[in-house]
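The values are calculated or read from the model by the stated rules, or taken from the named source; none is laboratory data. Here the structure is a predicted model, which means the values were calculated and not measured. Every residue, glycine as well, gets a Cβ built from its backbone with ideal geometry; the counts of neighbours run over all protein chains shown.
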Amino acid sequence: MTNLAPSPSEVRRAYHEELGAGQRAALLSWLAFTVTFAGLRALTYSIRAGKGPFRNISVGGEHLHHYMWGIGLLSGVGAVAVRGEERQRRHPAVSTSYGSGLALIVDEFALLLDLRDVYWARQGRISIDIGVGGIALTGSYFAALPMLRRLQREHKQATGAQQASGAEEAPESAERS
């Protein structure tokens, strides 16, 4: 039986050899966006349901919306983009900060658009969650596609080599019988 999942070292090698610096940055941004958005949805639903240890953060009686943290992250990314050197701009922390910051803002887009807290209105909240989640997963998939194709080629080669070595061993075992 063959293992269908690539090893972490195979994924790491494909990541570095198949993706250029810009492609790696895009993939990390998409993955950070996807994970952050999904985590936010789970967190906010648990807060709303009163389950789990987390609660809303308030200062002076005012709720701090998470788009504020997203704006802070994007401001930091912007500072690196404007002032940083190329190696700093391509650093994985910048890519993940960008994706996470964007998810923090997009998650509360209805609040920003209407300038009032309609976050939990039934006006399509679930469809928006599914839509943005689908976009996030699709973007992550397409950003990872060169790496995934390589892993698929390597898997086919390894499977073919195993089958070929198994076919070579079969006649020998038949001769012994």
Looking at (1) more than 16 Å from the chain's Cα centre (by Cα); (2) under 30 Å from Asn56 (Cα atoms); (3) at pLDDT below 90, can you tell me which one Gly78 breaks? (3)
Residues being part of a helix (DSSP H, G or I) and either closer than 16 Å to Ala26 by Cα or under 17 Å from the mean Cα position of the chain (by Cα) (or both) - total across the stretch 81-109: 20
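Does the stretch 15-37 hold any residues that are buried (at least 17 other Cβ atoms within 10 Å of the Cβ) and not aromatic (Phe, Trp, Tyr), and which are they?
First, the residues of the stretch 15-37 that are buried (at least 17 other Cβ atoms within 10 Å of the Cβ): 15, 18-19, 24-34, 36-37.
Answer for the stretch 15-37, where residues must be buried (at least 17 other Cβ atoms within 10 Å of the Cβ) and not aromatic (Phe, Trp, Tyr): Glu18, Leu19, Arg24, Ala25, Ala26, Leu27, Leu28, Ser29, Leu31, Ala32, Thr34, Thr36.
Quick one: which of Gly52, Gly72 is on the phi > 0 side of the Ramachandran plot and surrounded by fewer than 17 Cβ atoms within 10 Å (Cβ to Cβ)? If you could, list the steps in order and put the result at the bottom.
Values: Gly72 fails: on the phi > 0 side of the Ramachandran plot.
Criteria check complete, one pass: Gly52.
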Scan the stretch 1-22 and report the pairs whose first residue is on the phi < 0 side of the Ramachandran plot and modelled with pLDDT under 90 and whose second residue is surrounded by 12 or more Cβ atoms within 10 Å (Cβ to Cβ) and of a type in the set (A, V, I, L, M, F, W, C), with Cβ atoms within less than 6 Å and a gap of 6+ or a chain change. Pro6/Leu151
Failed condition for Pro6, given (1) in a loop (DSSP other than H, G, I, E, B); (2) more than 19 Å from Leu148 (Cβ to Cβ); (3) in contact with an Asp or Glu (Cβ under 9 Å, 6 or more places away or on another chain): (2)
Looking at the stretch 41-63, can you tell me whether even one residue there is aromatic (Phe, Trp, Tyr), closer than 21 Å to Val94 by Cα and assigned to a helix (DSSP H, G or I)? no
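Out of Thr44, Thr96, which single residue is farther than 26 Å from Pro146 by Cα and surrounded by 11 or more Cβ atoms within 10 Å (Cβ to Cβ)?
Values: Thr96 fails: farther than 26 Å from Pro146 by Cα.
On inspection, the qualifying residue turns out to be Thr44.
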